[in-house]
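Structure, as structure tokens:
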Amino acid sequence: MFRPVRTLITLAMVFVAGVFYERFQHGERCVAAGGEMQSGLCTGAKPETSE
């Protein structure tokens, strides 16, 4: 009975870790584009231009 509960807890922890990792990556991309993060949103970033 403990094995299914342990599996669900592990999946939940991995999901939450993935969400935090993606938020961190989004923040780094925002700063690299010249913007800043405010309440989880990137403001002031310059779009990339393809030449």
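The values are calculated or read from the model by the stated rules, or taken from the named source; none is laboratory data. The shown structure was predicted, so the numbers you read here are calculated from the model rather than taken from an experiment. Surface accessibility is based on the protein's heavy atoms, side chains included, excluding ligands, DNA and RNA. Shrake-Rupley method; radii C 1.70, N 1.55, O 1.52, S 1.80 Å.
Need the full-extension length gain, ALA17 to VAL5, defined as separation in residues times 0.36 nm minus the C-alpha distance. One decimal, nm. Result: 2.5 nm gained on full extension. Normalised per residue, the accessible area of the range 1-45 is 86 Å², obtained with a 1.4 Å probe and no contribution from ligands, DNA or RNA. The C-alpha atoms of the chain define a longest principal axis, and helix 2-32 lies at about 10 degrees to it.
Solvent-accessible surface (1.4 Å probe) assigned to PHE15 amounts to roughly 140 Å².
Global dimensions of the chain from alpha-carbon coordinates: Rg and Dmax equal 17.2, 59 Å.
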